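Read the figures in this text as sums done on the coordinates, not as results from a lab. All of these numbers come straight from a predicted model, not from anything done at the bench. Here the Cβ is made from the backbone with ideal geometry for all residues, glycine too, and neighbour counts use every protein chain on show.
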Amino acid sequence: MMPISYEGDVFRPPSEARSLILQATIGCSHNRCTFCAMYKRKKYRARPLAEINRDIVTAAAYLPHTRRVFLADGNALAVATADLVAILDQLNKAFPLLERITLYGNPQDLLQKSEDELKELCDHRLKMIYLGVESGSAAVLEAVKKGVTPADLVKGAAKLKKAGIPLSVTVLNGLAGLEGSVEHARSTAKFLSEMDPEYIGLLSLITVPGTTMHRRFKSGELTALSPWQLLEEIRMMVEGLTLTNSIFRANHASNYLPLKATLSRDKQLLLTALDRIIAERSPATLKSEFMRGL
């Protein structure tokens, strides 16, 4: 086993399945979202550069042909820019075939980093930032304690575009329950159209015991969407999207139905497929419940 240091559970986006994962931070600096339990057992901190550099040297010895690196944990973008640049430089030096370095960011990180700082990270080959936006509804974001408004998120995305760093955003379907499904879908479509990110990933809500969100659904305050209602919410969201050239995916383990498209090019094809699937309502079309995961 490669002797790299990992602390606790480590999470990554689906597209980083073949990437070398290095923890630049432990936990999440926000860690207050009501639906998330990923980092509740961790106290946020940035790892010392010396520790990270040791892991990079070790990884280079075992995996010298590494082409992709993902910096964990919840939001490595929170690391001080000078330290993050030092990590990027060390990675670029250690792996001659390296094609891209990516990481998770929090909305607050984008607001705190200046355009010049983001441009510097781009210049040192940070190739993409993953950002959980969850919803474009101000009411939903407030309810789940995201800590930002849709306007904040749009502002942060605009800074990234100017810096030249592609953005991959995730949206959480079912987050507003049946009661807020229409508002969640329509507001998120409008919000994403304004943001116009390079990549959009849809996840479907799976409530985690112990979280505030789980308690809200269990108490009956919110009503969980059925698989077909989730597809109807996705369909409503897609209908409202006006995008330049976004790669759209719903291929996370939580999704009942894998979807992929380039929007807006494939918008009508995707809507037609969703209409057919929703109308037919064939159980065989959907992933079994036991196959879903976080």
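Restricting Val140, Val148, Val133 to residues that are part of a helix (DSSP H, G or I), under 18 Å from the mean Cα position of the chain (by Cα), of a type outside the set (Asp, Glu) and farther than 15 Å from Gly164 by Cα narrows the list to Val140.
Condition first: in contact with a Lys or Arg (Cβ under 9 Å, 6 or more places away or on another chain), surrounded by fewer than 18 Cβ atoms within 10 Å (Cβ to Cβ) and assigned to a helix (DSSP H, G or I). Now tell me which residues in the range 104-129 satisfy that. Listed by number, the residues that qualify are Leu111, Glu115, Lys119.
Selection within the range 2-40: residues that are exposed (fewer than 13 other Cβ atoms within 10 Å of the Cβ) and of a type in the set (A, V, I, L, M). The member of this set that is nearest to Ala224 (Cα to Cα) is Ala17. Scanning the range 192-227 for residues that are assigned to a helix (DSSP H, G or I) and within 15 Å of Ser264 (Cα to Cα) returns Leu192, Ser193, Glu194, Met195. Looking at Ile101, is it out of contact with any Ser or Thr (no Cβ under 8 Å at 6 or more places or on another chain) and buried (at least 22 other Cβ atoms within 10 Å of the Cβ)? It is true that Ile101 is out of contact with any Ser or Thr (no Cβ under 8 Å at 6 or more places or on another chain) and buried (at least 22 other Cβ atoms within 10 Å of the Cβ).
Among the residues of the range 74-91, those identified as surrounded by 17 or more Cβ atoms within 10 Å (Cβ to Cβ) and in a loop (DSSP other than H, G, I, E, B) are Gly74, Asn75, Val79. Looking at Glu183, Glu232, just one residue is out of contact with any Lys or Arg (no Cβ under 7 Å at 6 or more places or on another chain), within 25 Å of Lys155 (Cα to Cα) and not in a loop (DSSP other than H, G, I, E, B), and that residue is Glu183.
Does Gly136 meet the test of being under 20 Å from Cys36 (Cα atoms), surrounded by fewer than 24 Cβ atoms within 10 Å (Cβ to Cβ) and of a type outside the set (Val, Ile, Thr)? The answer is no for Gly136. Residues in the range 169-194 that are surrounded by 21 or more Cβ atoms within 10 Å (Cβ to Cβ), without any contact (Cβ under 8 Å) to a residue 60 or more places away in the chain and aliphatic (A, V, I, L, M): Val169, Ala176, Ala185, Leu192.
Restricting the range 41-73 to residues that are free of Cβ contacts under 8 Å to residues at least 12 places away in the same chain and among the hydrophobic types (A, V, I, L, M, F, W, C), which is surrounded by the fewest Cβ atoms within 10 Å (Cβ to Cβ)? Selected residue: Ala50.
Can you say whether Leu231 is touching a strand residue (DSSP E or B) at 6+ places or on another chain (Cβ under 7 Å) and not small (Gly, Ala, Ser), as far as the supplied structure shows? Let's see the steps before the verdict.
Values: touching a strand residue (DSSP E or B) at 6+ places or on another chain (Cβ under 7 Å): no; not small (Gly, Ala, Ser): yes.
No: the conditions fail for Leu231.
The residue that is farthest from Thr207 (Cα to Cα), among those in the range 6-38 that are in contact with a helix residue (DSSP H, G or I) (Cβ under 6 Å, 6 or more places away or on another chain) and in a loop (DSSP other than H, G, I, E, B), is Ala24.
Restricting attention to the range 24-61, the residues that are within 20 Å of the chain's Cα centre (by Cα) and among the polar types (S, T, N, Q) total 4. Please determine whether any residue of the range 247-265 is assigned to a helix (DSSP H, G or I) and not β-branched (Val, Ile, Thr). No - not one qualifying residue is present in the range 247-265.
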